[in-house]
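Written out below as structure tokens is the structure these notes cover.
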Amino acid sequence: MQISRWSSPASATMCSPDSSIEHCTKGSDASMHRSLYPSSLFAGVQEDDVEAIPWDGSYGAKIEEFIVPFSQLSDHHGMKSLTDLIKIYGFAFVSGIDPTVAGAGQIADKIAYVRQTMYGGLWDVSPNMAMADTAYTNCELQPHTDGCYFSDPPGLQIITIMEHEGTGGQSTLVDGLKVVRELESKNPESFSYLKKTNIPFQYFDDDHVMRSSRTIFELDSKNRLVRFSYNNDDRGPIHLQDPTEMSKFYTSIRDLLSHIKNPANMIQYQLPPGTAMITDNWRVMHGRKGFTGKRRLGGCYINREDWISRRLMTLRKVAGDS
């Protein structure tokens, strides 16, 4: 069976699974060109209709529900469990990995591959004041997303604690989606301002000067969050000539930070060796409490398009099992 619909300049109609698709184009001389495609050609197109759910600090009591054993990631049903958590909540944990820097890479290899940046691929982080980065201190790090100064911020971040002989150092998580929704409802003027204003971010050391400018959050046509990127410590100088505009800028940033730093919005979790934390770096902010003693952290990044590809391929495989 074939069904086609004629219009100008072109259209196509999908029919039942055993039907074909006829695509018709009207030329400038009124002639018609017909192309016939089997519907099976489009059977592999996979949609992902799962909606993101905003969360607050109360989810800290549910951490066990967000842990997926590494052994399950070789199976596409286990990978679906992991990517479901990341897609819906923006974070997940993987247990049962090697408590080494390679452990993070093992997870990355299951999902896609390790992204290379100026930091390398896999990184080994411990306090080192010679490094031009607050991550290499033992101070508290406020919740933030990574790579705001990159033109393409990392999609996923994987962090694992290799060792810690001391106190403190709890990992913190804050949902950028929750922050944006609170800003929209409680500070609508600041929401509107930040929605349209590009904010500069920068990083520089002896070998690099990295700069990028973007809005802190981006929404799609249905008001759904596409991306949230913010690190107050990496914010660059902004040049605003109008004093009124400068006042709007600082008021909006202050309102934003009031939601980011609100303890009610923050999960705290003592990440144990052998368990990795994965965050959607286009949504969820991570940080850590200050700590004492020796602490080594391993980790890596994955590109956004690559983990989304794994997600869609996994959904296709699971659908094929049903």
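Quick notes on this structure:
- Inclusion of Ile267 among residues that are of a type in the set (Val, Ile, Thr) and more than 18 Å from Phe66 (Cβ to Cβ) is not warranted.
- Of everything in the stretch 160-190 that is part of a strand (DSSP E or B) and within 14 Å of the chain's Cα centre (by Cα), the residue that is nearest to Phe217 (Cα to Cα) is Asp175.
- Within the set Gly176, Gly147, Gly169, Gly155, the sole residue that is on the phi > 0 side of the Ramachandran plot, at pLDDT 95 or above and not aliphatic (A, V, I, L, M) turns out to be Gly147.
- Some residue of the stretch 120-130 being of a type in the set (A, V, I, L, M, F, W, C), under 15 Å from the mean Cα position of the chain (by Cα), open to solvent by less than 30 Å² (accessible area, probe 1.4 Å) and at pLDDT 90 or above: no
- Taking the stretch 20-64 as the range and being modelled with pLDDT under 65, surrounded by fewer than 13 Cβ atoms within 10 Å (Cβ to Cβ) and assigned to a helix (DSSP H, G or I) as the test, the residues that pass are Ser40, Leu41, Phe42.
- Check on Thr275, of a type in the set (S, T, N, Q), open to solvent by less than 30 Å² (accessible area, probe 1.4 Å) and either modelled with pLDDT under 95 or over 27 Å from Asn198 (Cα atoms) (or both): yes
- Residue within the stretch 80-96 that is open to solvent by less than 50 Å² (accessible area, probe 1.4 Å), more than 26 Å from Tyr203 (Cβ to Cβ) and acidic (Asp, Glu) present: yes
- Yes/no for Lys294 being more than 26 Å from Trp123 (Cα to Cα) and of a type in the set (D, E, K, R): no
- Selection within the stretch 97-111 - open to solvent by 30 Å² or more (accessible area, probe 1.4 Å) and assigned to a loop (DSSP other than H, G, I, E, B): Asp98, Pro99, Thr100
- Test for His164: is it out of contact with any strand residue (DSSP E or B) (no Cβ under 7 Å at 6 or more places or on another chain) and either at pLDDT below 95 or surrounded by 15 or more Cβ atoms within 10 Å (Cβ to Cβ) (or both): no
The values are calculated or read from the model by the stated rules, or taken from the named source; none is laboratory data. Since the structure is predicted, the reported quantities are computational estimates derived from the model, not experimental observations. Note that we place each Cβ from the backbone using ideal geometry, even for glycine, and neighbour counts take in every protein chain shown. Ligands, DNA and RNA are excluded from the accessible area calculation, which covers all protein heavy atoms including side chains. Shrake-Rupley method; radii C 1.70, N 1.55, O 1.52, S 1.80 Å.
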